[in-house]
1. Among the residues of region 122-135, which ones are surrounded by fewer than 20 Cβ atoms within 10 Å (Cβ to Cβ) and in contact with a Gly (Cβ under 8 Å, 6 or more places away or on another chain)?
2. Going by what's in this entry, would LYS64 be described as without any contact (Cβ under 8 Å) to a residue 12 or more places away in the chain, out of contact with any Pro (no Cβ under 9 Å at 6 or more places or on another chain), among the basic types (Lys, Arg) and in a loop (DSSP other than H, G, I, E, B)?
3. Just give me the residues in region 18-27 being touching a Gly at 6+ places or on another chain (Cβ under 8 Å) and over 9 Å from LEU122 (Cβ atoms), in sequence order.
4. Taking the residues in region 146-182 that are assigned to a helix (DSSP H, G or I), at pLDDT 70 or above and small (Gly, Ala, Ser) as candidates, determine which candidate is surrounded by the most Cβ atoms within 10 Å (Cβ to Cβ).
5. Mind listing just one residue for me: the one in region 1-51 that is among the aliphatic types (A, V, I, L, M) and more than 13 Å from the chain's Cα centre (by Cα) and, of those, modelled with the highest pLDDT?
6. In region 74-84, is there at least one residue being among the acidic types (Asp, Glu), at pLDDT below 90 and part of a helix (DSSP H, G or I)?
7. Among what's in region 131-145 and is of a type in the set (A, V, I, L, M, F, W, C) and not in a loop (DSSP other than H, G, I, E, B), pick the residue that is farthest from LEU108 (Cα to Cα).
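The values are calculated or read from the model by the stated rules, or taken from the named source; none is laboratory data. Because the structure is predicted, anything quoted here is derived from the model rather than measured. All Cβ positions, even for glycine, are placed from backbone atoms using ideal geometry, and neighbour counts span all protein chains on display.
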Amino acid sequence: MDLFESITELETNPDLHCARLLVLIEAFANDDGKGEIEGITKLAKLDFLLRYPSMLERALVARKKSGVAAEVQPHERNSVESKMVRYRYGPWDHRYWEFLAVLQAKDLIAVKLQGQTRMIGLTQTGLVLARKLKITEEFALVSKRAGLLKSSLDISATSIMRFVYDTFPEVASLQMNKPIES
């Protein structure tokens, strides 16, 4: 398998995305694991910043925090997978419904309706798995960055949507399926 095939396989592997989402949702849970993320819009915006560390760095600076805290690695700035693609609703993946369905089917998350907003939280099984993932070498930095999102951007879905479009105006101006330079 060549490098291109390896990267493509990683990008299309739903398990990787589901694991990252579990770690993100866990960061927004209380100590007892009972916290929730308010809606798919908020989840997608947070995951956008988690998935693209150079954007998280810019977001922290925009929030008057140190961008250094994102610990963006050189390979994350210059790699093929660090290039975002504009999808229908911006740079966030159009497969969130699929990922959430997989997580829910595996009894790792609970999605409940509060008014017209889907509240996304972990089940006990999901909490245990997320806490195991976040201490692995592969997810330690993802977990740290998810914690930065919690401490710096735990704002309403509408506020985070406005923040992303104000901070990253380029995400809305590109043609669909075109890479966004970070």
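1. GLN124, the sole residue that qualifies.
2. Working: without any contact (Cβ under 8 Å) to a residue 12 or more places away in the chain: yes; out of contact with any Pro (no Cβ under 9 Å at 6 or more places or on another chain): yes; among the basic types (Lys, Arg): yes; in a loop (DSSP other than H, G, I, E, B): yes.
It is true that LYS64 is without any contact (Cβ under 8 Å) to a residue 12 or more places away in the chain, out of contact with any Pro (no Cβ under 9 Å at 6 or more places or on another chain), among the basic types (Lys, Arg) and in a loop (DSSP other than H, G, I, E, B).
3. Kept after step one, since they are touching a Gly at 6+ places or on another chain (Cβ under 8 Å), are these residues of region 18-27: 22, 25-27.
Passing the criteria: only ALA27.
4. As a first pass, look at region 146-182 and keep what is assigned to a helix (DSSP H, G or I): 146-153, 157-167, 170-173.
Filter again for at pLDDT 70 or above, leaving 146-153, 157-167, 170-171.
Those still in the list that are small (Gly, Ala, Ser) too: 146-147, 151-152, 157, 159.
Values: ALA146: 27, GLY147: 17, SER151: 13, SER152: 18, ALA157: 18, SER159: 13.
If we take residues in region 146-182 being assigned to a helix (DSSP H, G or I), at pLDDT 70 or above and small (Gly, Ala, Ser), then ALA146 is surrounded by the most Cβ atoms within 10 Å (Cβ to Cβ).
5. Filtering region 1-51 down to residues among the aliphatic types (A, V, I, L, M) leaves 1, 3, 7, 10, 16, 19, 21-25, 27, 29, 37, 40, 43-44, 46, 49-50.
Those still in the list that are more than 13 Å from the chain's Cα centre (by Cα) too: 1, 3, 7, 10, 29.
Numbers: MET1: 49, LEU3: 43, ILE7: 41, LEU10: 45, ALA29: 88.
Restricting to residues being among the aliphatic types (A, V, I, L, M) and more than 13 Å from the chain's Cα centre (by Cα), the top hit is ALA29.
6. Just the residues of region 74-84 that are among the acidic types (Asp, Glu), to begin with: 76, 81.
Filter once more, keeping what is at pLDDT below 90: 76, 81.
Okay, now just the ones that are also part of a helix (DSSP H, G or I), so 76, 81.
Within region 74-84, one or more residues are among the acidic types (Asp, Glu), at pLDDT below 90 and part of a helix (DSSP H, G or I).
7. Keep residues of region 131-145 that are of a type in the set (A, V, I, L, M, F, W, C), which gives 133, 135, 139-142.
Now restrict to residues that are not in a loop (DSSP other than H, G, I, E, B): 133, 140-142.
Details: LEU133: 13, ALA140: 20, LEU141: 21, VAL142: 18 Å.
That would be LEU141.
To keep it simple, each residue is scored yes or no on (1) touching an Asp or Glu at 6+ places or on another chain (Cβ under 8 Å); (2) within 16 Å of LEU22 (Cα to Cα).
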site	(1), (2)
THR117	yes, no
ILE120	yes, yes
PHE139	no, yes
ARG145	yes, yes
LEU149	no, yes
SER152	no, no
ILE160	no, no
VAL164	no, no
THR167	no, no
